[in-house]
Amino acid sequence: MELIGLLNYAVFMAIFIGIYSLLALGLNIQWGFSGLFNAGIAGFFAVGAYTSALLTAPESSVHLGGFQLPVVVGWIGAMIAAGAIAWPIGKVCLRFRSDYLAIATIGVAEIIRLVVKSEGWMTGGARGVNKIPRPFGDLSYLYSQLAYLALVLAIVVVVYWAIERQISAPWGRMMRGIRDNEDAATAMGKDIKARRLEAFIFGAAVMGLGGALFAHFNRSITPEAIDPMIATFLIWIMLILGGSGNNRGALLGVAVVWIIWSASEFVTDQLPTEYAIKAKYMRVFIIGLLLQLVLRFRPEGILPEPQGTADRPEVKTFQKQESAAK
């Protein structure tokens, strides 16, 4: 029984690693490759989660929706809605730089969170949206978890592949050029505002998909899930620790941080009640200490962005194929 319980916990943790991987990949598009300081990840996460929930959940008297559309349609709708919300936000906020952009996006995320919490006729208010269908939900608990894990991992692989192709294409090289030297890119005739807006919308759509997967996994979504600590700042820690500008680094950072975050909770739950409550705050301390050590000894992250064209993975693969052909 204990072995099955540990297996269930491991699968549960792996699913969350997959969901947070999408959020980190979306942030990496915006910050790692484009230099856009988005501190409003929770807002796009919420838009994706609630859009998919309202499109696929059964009819209810406490919120909009009741369309009962297929889950795939809900996920596509989540990406479209998050991208659509990102367009006006980007048009207004991307004129700011660095800290000012972060402040603006935090404000937007708070507006979205308050709308979700206060507009009960639309989102169910504090009660949220319940009875959200989960793929493979009719299977037994363990098999349902394993099937959903396989689905999440497949989506992460597809999204990772799509981002890698885009970043390896001329668009990706242009975005890195804009990030590193905006004046030079402007002198070459690049439309800086339009390209940044594209990256912002692209990253937001991926974040919306992550929110949708979260909602369907939990079969419900409430305002409490849009905690900036969990849905924004923890994602930033994952990306910085793993290595911004490197998708593999982003995935590694998610795995390291979430395993520490979850494992520490598992350990503290074994303590007596009077100590367990206090010990839970040690998670924040441990993650903060780990981040400080990485910033001190390896500020570029565990897997930093490859420097120079020759260090790009796709270039190395091409060179190996050329050598084999010879």
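The values are calculated or read from the model by the stated rules, or taken from the named source; none is laboratory data. Keep in mind that this is a model prediction, so the values were computed, not measured. Ideal geometry is used to build each Cβ from the backbone, glycine not excepted, and the neighbour counts take in all protein chains shown. Please note that ligands, DNA and RNA were not included when accessible areas were found on the heavy atoms of the full protein model with its side chains. Shrake-Rupley method; radii C 1.70, N 1.55, O 1.52, S 1.80 Å.
Only one entry in VAL62, VAL73 is part of a helix (DSSP H, G or I), more than 27 Å from VAL256 (Cα to Cα) and open to solvent by 10 Å² or more (accessible area, probe 1.4 Å), namely VAL73. Among the residues in the stretch 312-322, are any assigned to a helix (DSSP H, G or I) and modelled with pLDDT of 70 or more? No, because not a single residue in the stretch 312-322 is assigned to a helix (DSSP H, G or I) and modelled with pLDDT of 70 or more. Here is a check on your reading of the model: is ALA78 surrounded by 15 or more Cβ atoms within 10 Å (Cβ to Cβ), closer than 27 Å to GLN30 by Cβ and touching a residue at least 24 places away in the same chain (Cβ under 8 Å)? Answer is yes for this residue.
Comparison of LEU251, LEU234, LEU239, LEU271 shows that the only residue that is in a helix (DSSP H, G or I) and either open to solvent by 10 Å² or more (accessible area, probe 1.4 Å) or in contact with a strand residue (DSSP E or B) (Cβ under 8 Å, 6 or more places away or on another chain) (or both) is LEU251.
Flag: ARG165 does not match the condition of being under 18 Å from ALA86 (Cβ atoms) and over 13 Å from the mean Cα position of the chain (by Cα).
Could you go through the stretch 213-230 and let me know if any residue there is outside any helix (DSSP H, G or I), open to solvent by less than 10 Å² (accessible area, probe 1.4 Å), over 22 Å from ARG298 (Cβ atoms) and of a type in the set (A, V, I, L, M). Checked the stretch 213-230: at least one residue is outside any helix (DSSP H, G or I), open to solvent by less than 10 Å² (accessible area, probe 1.4 Å), over 22 Å from ARG298 (Cβ atoms) and of a type in the set (A, V, I, L, M). Determine if the stretch 77-98 includes at least one residue that is over 25 Å from ARG196 (Cβ atoms) and aromatic (Phe, Trp, Tyr). Checking the stretch 77-98: not a single residue is over 25 Å from ARG196 (Cβ atoms) and aromatic (Phe, Trp, Tyr). If you check ARG95, ARG113 for being charged (D, E, K, R), part of a loop (DSSP other than H, G, I, E, B) and in contact with a helix residue (DSSP H, G or I) (Cβ under 9 Å, 6 or more places away or on another chain), only one passes: ARG95.
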